[in-house]
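J.: My questions will all concern the structure given below.
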Amino acid sequence: MKTRARTRCRWLAALLAFATALAVSESAAGDGRSLANAFGDTQLPADAQRVVTLYQGATDSAVALGITPVGVVDSWLEKPMYRYLREALSGVEHVGLETQPNLEKIAWLDPDLIVATHFRHERVRPLLEKIAPTVATESVFDFKESLMLVAKATGRESKARALLEDWDARVTDFRRQIAAALGDAWPQKAAVVRFKSDHVRIYSTGFAGSILDELGFEQPSSVQDQGWGMKLTSEENIPVMNADVIFVLLEPDDPAIAENYRHWRSHPLWQRLDAVQHGRIYEVDPVDWIMGGGILAANAMLDDLYAHYGLEPSSGDTQAIPASPTSAQTTPARACTGNADAAALSPTEAPAAC
């Protein structure tokens, strides 16, 4: 009985918080400004100052735009927040996981704008919208969509356009330099591979895949039409990874992952891969390549590519972090499971969830 009573008290407190927040959000959203997004047309306050971001790409985008959110979700790695964002987000409240945000805490923060994603938060959309005006992207990995959504919702479109113009200039520069450097060997087929403790994942689309595609790389034929990737559970599937270049995502603080990586690398089939035979296996940071999800992470990934290919970045590139930012229960994502040796992953799943 005591347990049941405590449960009722918690729910009553949550409902009270939601009701209070609803009254605040309805009065704040009365200026008539509307923004089309994945949750429909959302009425926004004239000047959103208290922003809560519920996925990694939105948090990265907010910092890039000079916004300090009042609430953010925990990072996937380097918890509670990625190192590249820690200084900008020092002292910011955390509101749970991207897959399971703490609704009571969000309401307690009294935001005037929530940035979510349809992919993660559709089921809690009604509750989020009772707390504050909520806008959403379709996916979690389209960094341009995330940047423009946050910019439009906060009146920072000119800053976002400048960031994207700089990105486009860098992409053009990289494509020119790598084509000149590799000649007839360009374009290359690139595989993005992530080692886990008991299997390997090869990504085709998602954050890294979309950026590699924009830069002119091609996908290995084995992962085409496989959603955003495949899960490999047997060393017999090593030939699936075959590509001109392989980018390996590692988590250096996990001994089990490091051991699995050594195990796969020692297999004879690994030695037959084209990238291995030509010395084009590059170990890269998973935060920059699949977890960060925003324009800052995208530029860090591009920096990696310039460095690995020995190219000189053009002058005036986007800085890693803006100098001085200023303020401003969902169902968990399905795990990447499957008993098949090479299981195709759902095209709607996001790499950061796996």
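Rule-based calculations on the coordinates, nothing more; no lab input. On a predicted model such as this, the values are computed, not experimentally measured, just so you know. Note: ideal-geometry Cβ built from the backbone for every residue, glycine included; neighbour counts use all protein chains shown.
J.: Report the antiparallel proportion of the DSSP beta bridges in segment 104-258 as a percent, rounded to a multiple of 5.
T.: The antiparallel fraction comes to roughly 45 percent.
J.: If you take the alpha carbon radius of gyration of segment 81-156 and divide it by 2.2 N^0.38 Å, what ratio comes out, to two decimals?
T.: Taking N as the residue count of segment 81-156, the ratio is 1.11.
J.: Sticking with this structure for a sec: Normalised by the empirical 2.2 N^0.38 Å for globular proteins, what value does the Cα Rg of segment 154-239 take?
T.: My calculation over the Cα atoms of segment 154-239 gives 1.39.
J.: Ignoring solvent entirely, what values of log10 I(q)/I(0) come out of the Debye formula for segment 74-219 at 0.18, 0.22 Å⁻¹ when each Cα is a single scatterer?
T.: -1.28, -1.45
J.: Please find the FRET efficiency linking Glu157 to Lys79, where r is the Cβ-Cβ separation and R0 is fixed at 22 Å, and quote it to the nearest 0.05.
T.: Between Glu157 and Lys79 the formula returns 0.10.
J.: Right, here's the next one. Would you mind computing the Rg to Rh ratio of segment 232-293 from its alpha-carbon coordinates, Kirkwood style for Rh?
T.: 0.97
J.: Magnitude of the Cβ-charge dipole of segment 177-258, K/R +1 and D/E -1, about the Cα centre, nearest 20 debye?
T.: Dipole about the Cα centre, nearest 20: 80 debye.
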